[in-house]
1. Restricting attention to segment 137-178, and to residues there that are over 19 Å from Val97 (Cβ atoms) and in contact (Cβ under 8 Å) with a residue 60 or more places away in the chain, which single residue is surrounded by the fewest Cβ atoms within 10 Å (Cβ to Cβ)?
2. Kindly check whether there is at least one residue in segment 182-191 that is surrounded by fewer than 18 Cβ atoms within 10 Å (Cβ to Cβ), under 22 Å from Val293 (Cβ atoms) and outside the structural domain of Leu62 (by TED's automatic domain parsing).
3. Among the residues of segment 270-301, write down those that are farther than 17 Å from Asp238 by Cα and in contact with a strand residue (DSSP E or B) (Cβ under 9 Å, 6 or more places away or on another chain).
4. Being of a type in the set (Gly, Ala, Ser), within 16 Å of the ligand (Cβ to nearest atom) and in contact (Cβ under 8 Å) with a residue 60 or more places away in the chain is true for just one of Ala296, Ala198, Ala287. Which residue is that?
5. Let me confirm something: among Ser123, Ser131, which residue is under 16 Å from Leu81 (Cβ atoms), without any contact (Cβ under 8 Å) to a residue 60 or more places away in the chain and surrounded by 19 or more Cβ atoms within 10 Å (Cβ to Cβ)?
6. Of the residues that sit in segment 269-306 and are small (Gly, Ala, Ser) and closer than 25 Å to Asp99 by Cβ, which one is surrounded by the fewest Cβ atoms within 10 Å (Cβ to Cβ)?
7. Kindly indicate whether Val199 is touching a Gly at 6+ places or on another chain (Cβ under 7 Å) and open to solvent by less than 40 Å² (accessible area, probe 1.4 Å).
Amino acid sequence: MSLGDKKRERGHDAMSSTKDIGPQILLAHGAGGELSRQLVENIFFKYFNNETLKPLADAAVLDFPGCRLAFTTDSFVVRPLFFPGGDIGKLAVCGTVNDLAVSGAKPLFLTASFIIEEGLPLSVLEQVTRSLGETCQTAGVKVVAGDTKVVEKGHGDLIFINTAGIGLIPANLDLGQHRLAPGDLVIVNGPMGNHGLAVLLERENLGLESGVTSDCAPLNEIIAKILEKVPGIKMMRDLTRGGLATAVKEIALGAGVDIWLDEPSIPVDDEVRGALGILGLEPLYMANEGKFVVFAAPEDAPMVIDIMANDSLGGQAAIIGEVTKGRGNVLLKTMLGGTQVLDLLAGDPLPRIC
Ligand code: MG
């Protein structure tokens, strides 16, 4: 069986196999997987096409005389607003700060825009805003501009937040998928799937007691330590919507390489694996909000692991795979010793988790 024939094994279903994006928006168009990619390619690229946007990186890299900036934006629609380990305010900072950090930037300034539904208790707005402010302090960034809109009751869902962020990239830093080479190792800073599961269990009354909390955290400090000591790393990406599998697949496609992942080496907490198994969900496709992947040459990997393991956000860091020559395939050596092809996330098993 060729790779193409086997392609539907994980991450794909019939709906996502079409290039026709259909007559109307589905929840899955916002899931960060195959349909999101089609939306970007078929609609947004048609009107926004430019060289800066094209790489579809976590942040745009803007070159000015004497300075390089990373610039990004993200909207937050998580339901419920509060969940174990975080809330929409904390997420709104972490999501944008982490996109800047994995681009190699020192995050500096954010904007915060609130779209609020009429009737929202002021105490809820204050709780969310306090959390947003406290997370800014932790991350060392400032909200320097913002906006507030209110929509009629029934025309929103309590509160949506958009943040944009800007950061400074060191002049000599070169990160990106163009630098990947066969032999590079794939490293993650900890277990997969906790955020998605924590939000799901808080939202749905499934009768599952897990004690799982979201991993939501600003990653700029741990990333700064890595860049300081191992400036030669190849690239990074945060593992949000679509999870590890989707992020690695996008990178493999973009870089024109194959990436092998070793399932037994990928950290997943026992309670997360157990609960996801019951729900028929896969940890490699679950969203994280405090996890990132680093690609590094084999000689740099031990130092990356060492830095991660000595940081509170990297205690279970692991080398989980390797880059090989190829054409965009992601192959998983499974627990049982088989090989599975991983594709972009299909459909949306879990809408509105960030
Ligand atoms: Mg990202």
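1. Within segment 137-178, the match that is surrounded by the fewest Cβ atoms within 10 Å (Cβ to Cβ) is Ala171.
2. Yes, the conditions are met somewhere in segment 182-191.
3. The answer is Glu282, Ala297, Pro298, Asp300, Ala301.
4. On the way: Ala296 fails: within 16 Å of the ligand (Cβ to nearest atom); Ala198 fails: within 16 Å of the ligand (Cβ to nearest atom).
Only one candidate passes the filter, namely Ala287.
5. Step by step, each of Ser123, Ser131 is checked, and only Ser131 is under 16 Å from Leu81 (Cβ atoms), without any contact (Cβ under 8 Å) to a residue 60 or more places away in the chain and surrounded by 19 or more Cβ atoms within 10 Å (Cβ to Cβ).
6. Among them, the one singled out is Ala297.
7. Values: touching a Gly at 6+ places or on another chain (Cβ under 7 Å): no; open to solvent by less than 40 Å² (accessible area, probe 1.4 Å): yes.
In short, no.
The rows are residues; the columns are (1) open to solvent by 20 Å² or more (accessible area, probe 1.4 Å); (2) under 24 Å from Pro302 (Cβ atoms); (3) more than 16 Å from the ligand (Cβ to nearest atom).
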position: Arg203; (1), (2), (3): yes, no, yes
position: Glu221; (1), (2), (3): yes, yes, yes
position: Ala224; (1), (2), (3): yes, yes, yes
position: Thr240; (1), (2), (3): yes, no, no
position: Ala245; (1), (2), (3): no, no, no
position: Ile251; (1), (2), (3): no, yes, no
position: Glu263; (1), (2), (3): yes, yes, yes
position: Pro267; (1), (2), (3): no, yes, yes
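The values are calculated or read from the model by the stated rules, or taken from the named source; none is laboratory data. What you are looking at is a predicted structure, and each value in this text was computed from that prediction instead of being measured. Every residue, glycine among them, receives a Cβ derived from its backbone with ideal geometry; neighbour counts consider all protein chains shown. These accessible areas exclude ligands, DNA and RNA; they are computed on the full protein's heavy atoms, side chains included. Shrake-Rupley method; radii C 1.70, N 1.55, O 1.52, S 1.80 Å.
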